Amino acid sequence: MSPRNLADGATLRAARRGDEQGILAGIRALAVYEREPDAVENTAPALTRTLFGAEPKAFAHVVEREGEIVGIAIWFLTYSTWTGHHGIWLEDLHIDESQRGRGYGKALIASLAELCIERDYSRLEWTVLDWNAPAVEFYRSLGAEPMVEWTTQRLAGAELAALARAA
């Protein structure tokens, strides 16, 4: 992705080595907002391996303003057996509270939509907490629709290990 200029001197670009601390700060701020301040186990070295290793499995776009990362979109590829195409799963979207209202969130999501179109991906998907009314309203304003008959399922921790042992 080519860097693009945004409002107030900000730049939207693909993440690069050296952004890890700013990305991690965005992840931690999102966890605080989502009422899980102690849930982040990620580290800057882990982000380096994940985002910039030999075979990255996750990717990030950032908004940088005045030398600081003020917005992040962390994503990875999905695959739809029904459409026969990949898609993008937006794992985290966060804009620093002091930077909201400048269009940075929309620009980040639009950059992912653009990737979907360029690469013939069929979907851009994510989850949002049902109590997060400002985010839900923002996503509706973009034309996003809830998947009301679908719920996210998760195996983690002891349950994940137990099922793996059972295999």
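The values are calculated or read from the model by the stated rules, or taken from the named source; none is laboratory data. Just so it is clear, the model here is predicted, and its values are computed rather than measured. Neighbour counts run over all protein chains shown; Cβ positions are idealised from the backbone, glycine included.
Checking each residue in region 115-129 for being touching a residue at least 24 places away in the same chain (Cβ under 8 Å), surrounded by fewer than 14 Cβ atoms within 10 Å (Cβ to Cβ) and over 25 Å from ARG154 (Cβ atoms) picks out ARG119, ASP120.
Checking the structure you have, find out if any residue of region 82-89 is of a type in the set (Phe, Trp, Tyr) and farther than 25 Å from ARG28 by Cβ. Yes, there is a match, as at least one residue in region 82-89 is of a type in the set (Phe, Trp, Tyr) and farther than 25 Å from ARG28 by Cβ. Listed by first and then second residue, the pairs linking a residue in region 136-157 that is loosely packed, with under 10 Cβ neighbours inside 10 Å to a residue that is at pLDDT below 90, with Cβ atoms under 8 Å apart and 6 or more places separating them unless they lie on different chains, form an empty list. Output the residue which, of all residues in region 64-79 that are surrounded by fewer than 23 Cβ atoms within 10 Å (Cβ to Cβ) and among the β-branched types (Val, Ile, Thr), is farthest from SER2 (Cα to Cα). In this case the residue turns out to be THR78. Pairs meeting the criteria (first residue in region 39-64 and farther than 24 Å from GLY87 by Cβ and among the polar types (S, T, N, Q), second residue assigned to a loop (DSSP other than H, G, I, E, B) and at pLDDT 95 or above, beta carbons under 8 Å, at least 6 apart or on different chains) are THR48/ARG17.
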